[in-house]
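Starting off with a structure, shown below.
Taken together, the values in this text are just the output of simple stated rules run on the coordinates, not laboratory data. No experiment lies behind these values; they were computed from the predicted model shown. Ideal geometry is used to build each Cβ from the backbone, glycine not excepted, and the neighbour counts take in all protein chains shown.
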Amino acid sequence: MRKNVKTDLAPAAIGPYSQGVVAGGFVFVSGQIPIDPATGAFAGDDIKTQTAQSLRNVSKILEAAGSGMDKVVKTTVLLKNISDFAAMNEVYATFFEGDALPARAAFEAAALPKGALVEIEVIATL
């Protein structure tokens, strides 16, 4: 059985998908781009600001599902430019603490939705 996760504290899906889905004791959060849900615009135009907003969006969806950033087990980071990796990583590290950090993959993508610099998806436990 699966359950749709939806919150107004993160951007609405811009296509035929859910912000998140709960299934099998896990929360699967769709890729989040750096849209500020209060304004509908990007939070900023640099990789650090965009990474922080993407992760805030992820956090709000996890909270709506009854989970949290401390329960993330896997992330995937898509970057418009892999040369932004170090700056993204600096911000990313502030959202995850402890010895059991999530597994992660990071890739450069030719293009991201709406021209974003970063998109981040996660899998977390409940």
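Which distance in nm do the two modelled labels at T76 and K3 give, with both placed 7 Å along the Cα-to-Cβ direction?
2.5 nm
Would you look at the GNM of the chain, springs on alpha carbons closer than 10 Å, and say which of S54, S83, S67 moves the most?
In this elastic network of the chain, the residue with the biggest mean-square fluctuation among S54, S83, S67 is S83.
Around F28, with a cut-off of 14 angstrom between Cβ atoms, what is the net charge of the other residues, counting Lys and Arg +1 and Asp and Glu -1? Spell out each step's value before the answer.
Details: positive: R2, K3, K6, K71, K74; negative: E121.
Local charge sum for F28: +4.
Among the chymotrypsin sites (Phe, Trp or Tyr not before Pro) within the stretch 77-126, which fall in a DSSP loop and have no more than 16 other Cβ atoms within 10 Å of their own Cβ?
Details: sites: F85, Y92, F95, F96, F107; in loops: F96.
The qualifying sites are F96.
Can you find, among V21, L112, A87, the residue sitting farthest towards the positive end of the charge dipole of the chain, where Lys and Arg contribute +1 and Asp and Glu -1 at Cβ?
Value computed over the given set: V21.
Now for a different question. Looking at the chain as a GNM with Cα springs under 10 Å, which of K114, K80, K60 has the largest mean-square fluctuation?
K114
Next question. If you filter the stretch 80-109 for GluC sites (Glu not before Pro), then keep DSSP loop positions with at most 10 other Cβ within 10 Å, what is left?
Details: sites: E90, E97, E108; in loops: E97.
Listed in order of number, the matching sites are E97.
Quote the FRET efficiency, to the nearest 0.05, computed for A86 versus D36 with a Förster distance R0 of 35 Å and r equal to the Cβ-Cβ distance. Provide the component values of the computation, followed by the final result.
Working: r = 24 Å, r/R0 = 0.69.
For A86 and D36, the calculated efficiency is 0.90.
Right, next: Where Rh denotes the Kirkwood radius from the mean inverse Cα pair distance, what is Rg over Rh for the chain?
Rounded to two decimals, Rg/Rh equals 0.94.
Oh, and also: Hey, for a label at A100 modelled as a point 7 Å past Cα toward Cβ, could you say which residues of the stretch 36-78 have their backbone N under 20 Å away?
59, 62-63, 65-76
Please report how many Lys pairs in the stretch 4-95 have alpha carbons closer than 19 angstrom, counting only residues at least 8 apart along the chain or sitting on separate chains.
Details: K6/K60; K6/K71; K48/K60; K48/K80; K60/K71; K60/K74.
Lysine pair count for the stretch 4-95: 6.
Springs between alpha-carbon pairs under 10 angstrom, Gaussian network model over the chain: which of I33, I14, I47 fluctuates most?
I14
While we're here: Roughly how many nanometres apart are two label points built 7 Å out from the Cα toward the Cβ at L126 and V21?
1.6 nm
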